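Please treat every number below as a calculation from the coordinates, not as lab data. Computed from a predicted model, the values in this text were never measured in an experiment. All Cβ positions, even for glycine, are placed from backbone atoms using ideal geometry, and neighbour counts span all protein chains on display.
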Amino acid sequence: MATRRLGLILSGVTGRIGVNQHLGRAVAALRSSPLTLANGDVLELDPVLVGRNAARLRQIADRFNIDRWTTDLDAALSDRDDSVFFDSALTGLRFDNVRRALEAGKHVLCDKPLASNHAEALQLTQLAARGNLRNGVMMANLWLPGMRKLRALVDAGFFGKVMRIRGEHGYWIFEGDQRPGQRPSWNYRKEDGGGIVLDMM
């Protein structure tokens, strides 16, 4: 049995979802209970945080006992010992971040959406294929029970011809006492990455 290190570049995990979900529930859990592979080897994550705010990165790194952090994405991508890139930065930054990671030879996992339009998504997919790189997008909301039920009802014609939809997503990012509980306004603006439908679906 050997210990295998996995260098993981984490971009954009400084927001509430990134800290609570990606770091708190996933990365921290895997670091405290390393994954045993089928051959008996143990996989240990060695993350590096990447973001725009050095003070925030330092605070988060200290909280989760992460030794490495940087505001320089290019420096992180140039480290050959880090083979996987995870991006949950703002939607409007995603295409460029993922493109740079793929060009640097990194396997990629990113939050939804992969890109703001079909052409960009296709370009990233082709770039990954040319580099023989693994890639994936987390599309968690598509598989929520309510979303699956809604899809089944639409497919069955239950609503007839759908002309207009108003939907509300019940995921609270903030507690509601200091700021409104729902998603911040930038999630709803097309100029900030495609709007709420692209961001949430």
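What FRET efficiency would be calculated for the residue pair Arg25, Arg164, taking the C-beta separation as r and a Förster radius of 30 Å, to the nearest 0.05? For Arg25 and Arg164, the calculated efficiency is 0.25. Cβ crowding within 10 Å ranks Ser33, Ser88 as Ser33, Ser88, fewest other Cβ atoms first. Between Asp62 and Leu122, the distance separating the two model label sites (each 7 Å from Cα on the Cα→Cβ line) works out to 4.9 nm. Applying a DSSP loop filter and a limit of 10 other Cβ atoms within 10 Å to the trypsin sites (Lys or Arg not before Pro) in region 61-113 leaves Arg80.
As a rough footprinting exposure proxy, the listed residues Arg164, Arg148, Arg52 were ranked by other beta carbons within 10 Å of their own, and the order from fewest upward is Arg164, Arg148, Arg52.
How many percent of DSSP beta bridges within region 3-138 run antiparallel, rounded to 5? Each step should come with its number before you reach the end.
Working: 2 of 27 bridges.
Of the beta bridges lying entirely in region 3-138, close to 5 percent run antiparallel.
With the largest listed first and rounded to whole Å, the semi-axes of the equivalent ellipsoid of region 3-138 from the Cα gyration tensor are 23, 19, 13.
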